[in-house]
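> Okay, handing you the structure first.
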């Protein structure tokens with residue numbers, strides 16, 4: 001009886017929390033969609049993720065430089081060695097829950113990786129890719 | 001009478017020995033700070049008298065920065081890639097220069113929205129190395145006065161003086177440490193300003209004894 005109660009409680013808890021998964025990420029996606037034309041594409045997002053971009057110093061820069069080629073894996077900062085928890089919400093439910101954080105990191109990291117700010121389409125594609133994992 | 005003399009002599013020798021053990025060692029290296037801030041501390045070891053007499057000069061006597069409300073913001077925004085360096089380690093002009101160049105922060109983009117940036121800059125400035133911010137911050141200020149706004153803590157005279165004895169194979173040649181800028185690799189209390197030289201554990205090598 002107790003075991004069933006616990007199982008039921010767990011299912012209820014998970015079901016209740018599911019709508020919160022990546023809520024900020026989905027909200028931003030909806031906003032980007034109003035700025036761009038056409039749907040976002042997870043595959044395009046994946047290619048952007050892996051794309052190697054020229055660097056003013058050192059090896060080519062890609063999202064994978066810090067986050068590895070698989071966003072479900074932990075990464076590390078190549079210089080400071082700081083551990084970076086997985087970025088895919090499926091692997092890390094904390095991710096894409098804070099709008100300010102998403103915008104801050106997209107801002108910084110697009111500029112570092114691509115040398116410029118990402119377009120709304122690119123941001124939408126990358127978020128779609130992360131959510132698809 | 002003879003016994004009294006022997007006892008007195010032994011006591012004198014004993015007290016002298018204790019006094020010598022507890023006194024400061026002066027190392028002959030290029031960096032000679034004011035005597036009060038002698039880098040090799042008092043007492044030398046972990047013995048009873050060393051513990052009694054040594055001055056815990058490597059922790060912050062001034063704690064206001066730790067309880068400042070803005071510290072959480074600083075840790076959140078500036079602690080993602082490296083330890084959020086205690087503000088007292090650099091003078092205000094250095095922090096200003098750093099916060100004004102976040103788009104190229106040692107090769108990284110660390111930009112912040114203007115409001116957050118301003119708050120953090122104020123926090124850093126309020127607790128920066130300066131004569132008014134307590135012993136440690138004053139020491140750092142004194143050490144950096146001759147430099148024009150150093151951006152790297154690891155290049156300040158004081159830092160170099162404190163770390164010059166460490167073999168490079170334990171730091172830059174050590175894959176678990178790699179850089180002097182990774183304070184937390186050897187100083188577990190770095191985020192809280194605790195750099196006590198008696199609690200140093202070099203990753204991959206263990207306790208560091210002077």
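Just so you know, all these numbers are worked out from the coordinates, no wet-lab data involved. All figures in this text were calculated on a predicted structure; none of them were measured in a lab. Positions of Cβ are generated from backbone atoms using ideal geometry, with glycine treated the same way; all protein chains shown enter the neighbour counts.
> Got the relative contact order for the range B:59-151 handy, in percent, Cα pairs under 8 Å and 6 or more residues apart?
Contact order relative to length: 39 percent.
> Give me the inter-chain shielding for A:93-106: mean count of other chain Cβ atoms within 10 Å, whole number please.
Whole-number average of other-chain Cβ neighbours for A:93-106 is 1.
> Shifting gears a bit: So what is the relative contact order of the range B:97-151, in percent, for Cα pairs below 8 Å that sit 6 or more residues apart?
Dividing the mean separation by the residue count of the range B:97-151 yields 24 percent.
> Could you sort B:176-183, B:91-98, B:141-148 so that the peptide with the highest average Cβ count within 10 Å comes first and the rest follow in order?
By packing density, highest mean first, the sequence is B:91-98, B:176-183, B:141-148.
> For A:1, B:140, A:11, what ranking results if the residue with the fewest other Cβ atoms within 10 Å of its Cβ goes first?
A:1, A:11, B:140
> Going by the alpha-carbon gyration tensor, a ≥ b ≥ c the square roots of its eigenvalues, is the range B:165-210 rounded (a/c under 1.5) or, if a/c is not under 1.5, prolate (a/b greater than b/c) versus oblate? Display every interim value, and only then the final one.
Values: a/c = 1.95, a/b = 1.34, b/c = 1.45.
Here the range B:165-210 falls in the oblate category.
> What is the range A:55-133 by shape, rounded, prolate or oblate, if you read a ≥ b ≥ c off the alpha carbon gyration tensor as root eigenvalues and call it rounded for a/c under 1.5, prolate for a/b larger than b/c, and oblate otherwise? Working shown, then result.
Working: a/c = 1.70, a/b = 1.16, b/c = 1.47.
Since a/c reaches 1.5 but b/c is at least a/b, the shape of the range A:55-133 is classed as oblate.
> Tell me the relative contact order for chain A as a rounded percent, counting alpha carbon contacts under 8 Å between residues six or more apart. Mind dumping the intermediate values first?
Details: 176 pairs, mean separation 44.6, N = 133.
Normalised by residue count, the contact order of chain A is 34 percent.
> On a 0 to 90° scale, report how tilted helix A:99-114 is relative to the longest principal axis of chain A, with both axes built from alpha carbons and the result rounded to the nearest 10.
Compared with the principal axis, the helix lies near 30 degrees.
> I need the peptides A:70-76, B:114-120 ranked by packing, meaning the mean over residues of other C-beta atoms within 10 angstrom, with the highest value on top. Numbers along the way, then the final one.
Numbers: A:70-76: 16.4, B:114-120: 14.1.
My ranking of the peptides, most packed first, is A:70-76, B:114-120.
> By its C-alpha gyration tensor, with a ≥ b ≥ c as the square roots of the eigenvalues, how is the range B:71-210 shaped: rounded for a/c under 1.5, else prolate for a/b larger than b/c, else oblate? Don't skip to the answer; put the middle values down first.
Values: a/c = 1.81, a/b = 1.41, b/c = 1.28.
Cα axes put the range B:71-210 in the prolate bin.
> Follow-up. Report, in deg cm²/dmol and to the nearest 500, the calculated mean residue ellipticity at 222 nm for chain A, where each DSSP H run with n ≥ 4 adds -39500 (n - 2.57) and the sum is divided by the residue count.
-16500 deg cm²/dmol
> Give me a single rounded figure for B:98-109: the average over its residues of other chain Cβ atoms within 10 Å of their Cβ. Could the numbers behind the result be given before it?
Working: counts 0, 0, 0, 0, 1, 3, 3, 2, 2, 6, 8, 8.
Rounded to a whole number, the mean comes out at 3.
> Would you tell me the mean number of C-beta atoms belonging to other protein chains that fall within 10 Å of each C-beta in A:29-37, as a whole number?
Average neighbour count from other chains, rounded to a whole number: 0.
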